[in-house]
Amino acid sequence: MTEKIREKALQYFPEVQAIRHYLHAHPELSFEENNTSDFVSGKLTSWGIKHQRGVAGTGIVAVLEGKQPGGRCIALRADMDALPILELNETNYKSQNAGVMHACGHDVHTSCLLGAAHILHELRDEWSGSIKLIFQPGEEKHPGGASVMIQEGVLENPKPEAILALHVYPNLPSGTVGFRAGQYMASADEVYITILGKGGHAALPHQTVDPISISALVISGLQQVISRKGNPLIPSVLTFGKIQSGFATNVIPDKVEILGTFRTMDEKWRYEAHKWIKDFTEQTCAAYGATAIVEIPAGYPSVYNDPALTNKATDWARAYVGEANVHDLDMRMAGEDFSFYTQSMPGCFFRLGTSRDGKEFTSAVHTPRFDIDEDALKTGMGMMAWCGINAAQG
């Protein structure tokens, strides 16, 4: 079966490469993937794969059945949205939508799942069980397309027993994959703080409540709160990426707005930290006569790769790409809404190497020069098909 999948991946590579070029050239932001949805639907239709549209707006779901469809069902997922980034690459598939780019590789994920769908459909008489294909919108934007699709029943009728997904990884060369069992990625919550003071003339600070000076105390103090209240054995990151306030050098403003993100690997500490952030900010501001408004909407949970499923998937990968091409991964503080699926069933989120020998295509995701060695598409679609068959057959 591995050889048949490799042959199909090689056979379908030109088409899947063309699919990736189209998707990369026509990126769409989270929950706005209308053209992308039309395109994916058109491909599935052309291959004779029945599917459902309109899940979470632009999401698509298909169920492939093998020779014994009444058995085990598993799911394969790909995200479809792009980022608000201006692409700086000069290629014939460069983004045609100014200020929008597939800088996180979701065009690759969708292309690989489409390629896997084609392979699985062609070989459907040679595997058992059912494989649910999930083409998901909105991974990059709160509340996460995964959570919306789950609310709309994507994990029912039939209910998968496990789910797998891949993600591009320029730290590894194409032709390789990476796995980590257990805790892998952090929860990701957004932090919004507004400090309300009393503005006035910069030369008369005693007549004001200066929210800018208070914001400095809050930002500095919160770093101490996280490092001193949290267990040092639990990775945590509190980063503020945006501060906005003020009008001129000689004017103390009325308010400061601070935006950031809090990430950790422990769900219990995650919500304890929310309370510490809120209490410290409010109390610090009150001590200086200001008022704080703190909002920390719950974002993505941490990604936990089911050890049993991940260990099996690692073995399947060794059989498909070879022992030397399977790598162990370190934990990452980045977040992923794939974590919502893993709260309902065993999941495995693995990495697809996309650099060329670790020397070319090494720009990080979420940067304007991210791109891939497209030979990785062969590995990606083959791995998804191979893992899907093995997982469906138990």
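Extending 7 Å from the Cα toward the beta-carbon at both ASP279 and LEU86 defines two label points whose distance is 4.6 nm.
Projected over all directions and averaged, the alpha-carbon convex hull of segment 253-394 occupies 12.4 nm². GNM on the chain, alpha-carbon springs under 10 angstrom: the most fluctuating residue among SER147, SER215, SER339 is SER215.
Return the inverse of the average 1/r over all pairs of distinct C-alpha atoms in segment 1-75, which is the Kirkwood hydrodynamic radius, in Å to one decimal. One over the average 1/r among Cα pairs gives 14.5 Å for segment 1-75.
Extension gain, ASN171 to ALA298, is 42.7 nm, computed as 0.36 nm per intervening residue step minus the present C-alpha separation. Note on ALA18 and ASN34: their simple-model spin labels are 2.6 nm apart, each label 7 Å out from Cα toward Cβ. Note on segment 1-128: Lys pairs 8 or more places apart or on different chains, Cα atoms under 19 Å apart, count 4.
In terms of the mean number of neighbouring beta-carbon atoms within 10 Å, the peptides 287-295, 106-114 order highest first as 106-114, 287-295.
Were the residues from GLN207 through GLU267 laid out at 0.36 nm apart, the gain over their Cα-Cα distance would be 17.2 nm. Hey, if you drop one equal point scatterer on each alpha-carbon of segment 105-198 and run the Debye formula without solvent, what base-10 log of I(q)/I(0) do you get at q = 0.22 Å⁻¹? The computed values of log10 I(q)/I(0) come out as -1.48.
Using the Cβ-Cβ distance between ASP375 and GLN224 with R0 set to 56 Å, the FRET efficiency works out to roughly 0.75. To test your reading of the geometry: what angle, between 0 and 90 degrees and rounded to tens, separates the Cα axis of helix 307-321 from the longest principal axis of the chain? Between helix and principal axis, roughly 50 degrees.
Simple spin-label estimate for ALA364 and GLN68 gives 4.8 nm between the two label positions (7 Å along the Cα-to-Cβ direction from each Cα). Partners of LYS278 within straight-line reach, counting lysines whose Cα lies under 29 Å from its Cα and excluding those fewer than 8 residues away in the same chain: LYS141, LYS198, LYS229, LYS242, LYS255, LYS268.
If one computes the Cα centroid of segment 329-394 and of segment 1-63, what distance in Å separates the two points? With segment 329-394 and segment 1-63 each reduced to a Cα centre, they are spaced 16 Å. Counting only alpha carbon atoms, the long axis of helix 2-25 and the longest principal axis of the chain meet at about 40°. To the nearest whole percent, what portion of all C-alpha pairs in segment 312-372 is separated by more than 12 angstrom? Tail of the P(r) past 12 Å holds 78 percent of the pairs.
Applying D = kT/(6 pi eta Rh) to the chain, where Rh is the Kirkwood radius over alpha-carbon pairs, T corresponds to 37 °C and eta to 0.692 mPa s, the Stokes-Einstein value obtained is 147 µm²/s.
Pair-distance distribution of segment 28-135: all C-alpha pairs, bin width 10 Å, starting at 0; shares per bin in whole percent are 14, 43, 28, 12, 3.
The distance separating the Cα centre of segment 248-279 from that of segment 83-110 comes to 31 Å.
Mean residue ellipticity, 222 nm, helices only, the chain: the sum of -39500 (n - 2.57) across DSSP H runs of n ≥ 4, divided by residue count and rounded to 500, is -11500 deg cm²/dmol. Set the Förster radius R0 to 30 Å, insert the Cβ-Cβ distance between GLU257 and ALA286 as r into 1/(1 + (r/R0)^6), and round the FRET efficiency to 0.05. After rounding, the FRET efficiency stands at 0.95.
Read-outs throughout are calculated quantities, based only on the coordinates presented, and are distinct from any laboratory measurement. Everything numeric here is computed off the predicted structure, so don't read it as measured data. Note that each Cβ is placed from the backbone with ideal geometry, even for glycine, and that neighbours are counted across all protein chains shown.
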